[in-house]
Amino acid sequence: MSFEELSKLLKGKVSLDEPLASYTSFGLGGPAKLLAHPADEEDLENILDFARQEGMRILVLGMGTNLLVKDSGFPGMVIRLTDGLKGIHRAPEGIEVGAGTEAKDVLDYCLHQGLQGMECFAGIPGSIGGMIKTNAGAFGGEMGSLVQKIRGINLNGEWLELGGDELGFGYRSSNLPNGLLITRTWLRLKEGKREEIKRQARENLKLKAKTQPLSQRSAGCIFKNPPQAPAAKLIQEVGGKGMRVEEVMVSPIHANFIVNLGGATASQVLLLIDQLRERVREAFGLTLELEVEIVGGEE
């Protein structure tokens, strides 16, 4: 199958050599060899079939948060789920959600329906699929605790359904099978009082706005918190807060955020990450583990 044949086959769209910067929360990233926007699960099957025939690497993209794409771009197929694989419906024990649906839209739906469980994610900009993969968490809640089951397709084109208890959720991690692309999930939510749920969501968002640089371009927290202390505290203690490499800087508001000041490059972010890690390693003997995913480079 040629690129032209794939383009005609899809209900969605696919493009060549499109820069990824506008698709990431960091505002950084070189071009994708191919960027596909499936309209539905059938489109996704055809895209994966094409990529498999061409031996292409796959990168699944939601809202592009917790992600740093290198300046050289991604030499494979990038699949963006937020255009077609989204939507929210009531289910017997909560809701059924398309993996490309924004967390904000899910929270708004829950607030309207009086469903409790998503309010801890107020202000988090990711898509539901990405949040499940990384077991996103805030204010004592974690995504994994809400997942009843998921539906997805692997790189061989096989469809699977897995229960939440099969996904091995841990701190900012899951044991999602390698190469499995989540398309839908069922979240277990409780009925609650709308006003109380709205109040808690507002409080969480207000606190997040005070303690995180929400108005600047970033990828969220750069490092996972080690058992010894929060990463932000360790970075602050070694003088990392406000450190700058050209057009990227450690946020003065939260030391575990690196922000794009405008005109930044992924290479500048990587250099600043290395500098922060080295300072923490020298001071505390700890190697900070990345929470942000770094992708791209040569095949």
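None of the figures in this text is laboratory data; all of them are computed from the coordinates on show. Predicted model only: the values in this text are computed from it and were never measured. Positions of Cβ are backbone-derived with ideal geometry, glycine not excepted, and every protein chain shown enters the neighbour counts.
Which GluC sites (Glu not before Pro) in segment 81-175 sit in a loop by DSSP (not H, G, I, E or B) and have at most 13 other Cβ atoms within 10 Å of their own Cβ? Listed in order of number, the matching sites are Glu93, Glu158.
Local charge for Lys86 was computed over the other residues whose Cβ lies under 15 Å away, with Lys and Arg +1 and Asp and Glu -1, and equals -3. Its residue count N sets the reference 2.2 N^0.38 Å, and the alpha-carbon radius of gyration of segment 1-153 equals 1.10 times that reference. From the square roots a ≥ b ≥ c of the eigenvalues of the alpha-carbon gyration tensor of segment 77-124, which class results: rounded (a/c under 1.5), prolate (a/b over b/c), or oblate? In terms of gyration-tensor shape, oblate.
Rounded to the nearest whole Hz, the Karplus-based 3J(HN,Hα) values (6.51 cos²θ - 1.76 cosθ + 1.60, θ = phi - 60°) of segment 243-251 follow the sequence 4, 9, 10, 6, 9, 10, 8, 6, 4, with x at glycine and proline. Net length available on complete extension from Ile294 to Ala39 is 89.1 nm, with 0.36 nm assigned per residue and the Cα-Cα distance removed.
Taking 37 °C and 0.692 mPa s as conditions, segment 213-295 diffuses translationally at an estimated 262 µm²/s according to Stokes-Einstein applied to its Kirkwood radius (Cα pairs). The residues packed around Ile235, meaning those with a beta-carbon under 10 Å from its beta-carbon, carry a net charge of +3 if Lys and Arg are +1 and Asp and Glu are -1.
When the Cα positions of Leu81, Pro31, Val14 are compared along the charge dipole of segment 1-115, Pro31 comes out farthest toward the positive end, with charges on each C-beta of Lys, Arg, Asp and Glu. Farthest towards the positive end of the charge dipole of segment 192-299, among the residues Ser267, Ala231, Leu207, is the Cα of Leu207, using unit charges on the Cβ of Lys, Arg, Asp and Glu. Taking amide H atoms as placed 1.01 Å from N in the peptide plane, the amide H of Thr183 lies under 5 Å from those of Arg151, Gly152, Ile153, each 5 or more residues away in sequence or on another chain. Both numbers refer to the Cα atoms of the chain; Rg and Dmax are 19.5, 57 Å. Using alpha carbons only, the radius of gyration of segment 162-226 set against its Kirkwood radius gives Rg/Rh = 1.04. Using a ≥ b ≥ c from the Cα gyration tensor of segment 121-237 (square roots of the eigenvalues), is it rounded, prolate or oblate, where a/c under 1.5 gives rounded and otherwise the larger of a/b and b/c decides, a/b for prolate? Oblate. Near the amide H of Ile95, within less than 5 Å, lie the amide hydrogens of Leu187, Leu189, all on another chain or at least 5 residues away, with H placed in the peptide plane.
A Förster distance of 41 Å, applied to the separation of the beta-carbon atoms of Asn156 and Arg281, puts the FRET efficiency at 0.50. Across the chain, the longest run free of exposed loop sites, meaning trypsin sites (Lys or Arg not before Pro) lying outside DSSP classes H, G, I, E and B with no more than 12 other Cβ atoms within 10 Å, spans 12-192. Rg over Rh for segment 3-80 works out to 0.96, both radii taken from alpha-carbon positions and Rh defined as the Kirkwood radius. Panel order for His37, His112, by other beta carbons found within 10 Å of each beta carbon, from fewest to most: His112, His37.
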